[in-house]
Each structure stands twice: as C-alpha cells, then as structure tokens.
Amino acid sequence: MRILVYSLCVAIALLCAWLLVRAYYRTKFNLLFWSSVYFFGQIVIGVLVILDNFVFPEFSLYPFRLIISFVSIVSLLYGLIFMREEI
C-alpha cells in the first residue's frame with residue numbers, strides 16, 4: 001500500500017512539472033520555469049523514497065534526498081526572489 005502512495009506522489013509531481021514546463025514554453029514566464037525545477041526535484045525525491053524503502057532497504061538514501069530537497073527549494077526561492085517580472 002505504501003508503494004502505491006509513493007508512486008501516486010511521483011505521478012502527481014510529474015504531472016505538475018509537465019504542466020508547468022508546457023506553460024513556461026507558451027508564456028516564457030520565468031517563475032514557471034523555477035517552479036518546474038522544484039517539481040522535478042520532488043520527482044527525484046519520490047523515486048529515491050521508493051528506492052530507499054523497497055529496492056535498497058539496507059542502504060540509506062536519506063542524505064541524497066536531503067541534498068536534492070535543498071537544491072530544489074533553493075531553486076524555487078531563487079525564482080521567487082530574483083526573477084521579478086512585470087505581469
């Protein structure tokens with residue numbers, strides 16, 4: 001049951017990232033790009049959670065998940081703070 005929930009989280013993050021990238025290519029609004037980078041990070045984190053819990057339970061992938069989480073959140077913050085655009 002847990003793998004189903006983790007897989008659905010990855011699928012929803014993939015859908016969000018795809019929709020954001022598609023909207024970015026239409027509008028070229030930079031915040032959409034940085035938001036999609038964040039969601040791609042969430043996809044990687046979700047896959048690492050599945051690998052950590054079900055494929056490689058003897059190894060801890062937690063440090064890698066933390067690093068990717070930090071990078072994706074920093075990229076979103078960068079887009080929010082420094083990519084100001086006129087609407």
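Any read-out appearing in this document is the output of simple, stated calculations on the displayed coordinates, not a laboratory observation. Small disclaimer: the values here were computed from a predicted structure and weren't measured. Cβ placement follows ideal geometry from the backbone for every residue including glycine, while neighbour counts extend to all protein chains displayed.
Judged by the mean number of other Cβ atoms found within 10 Å, the most tightly packed of the peptides 20-31, 57-68 leads the ranking 20-31, 57-68. Calculated over the chain, the projected area of the Cα convex hull averaged across directions stands at 6.0 nm².
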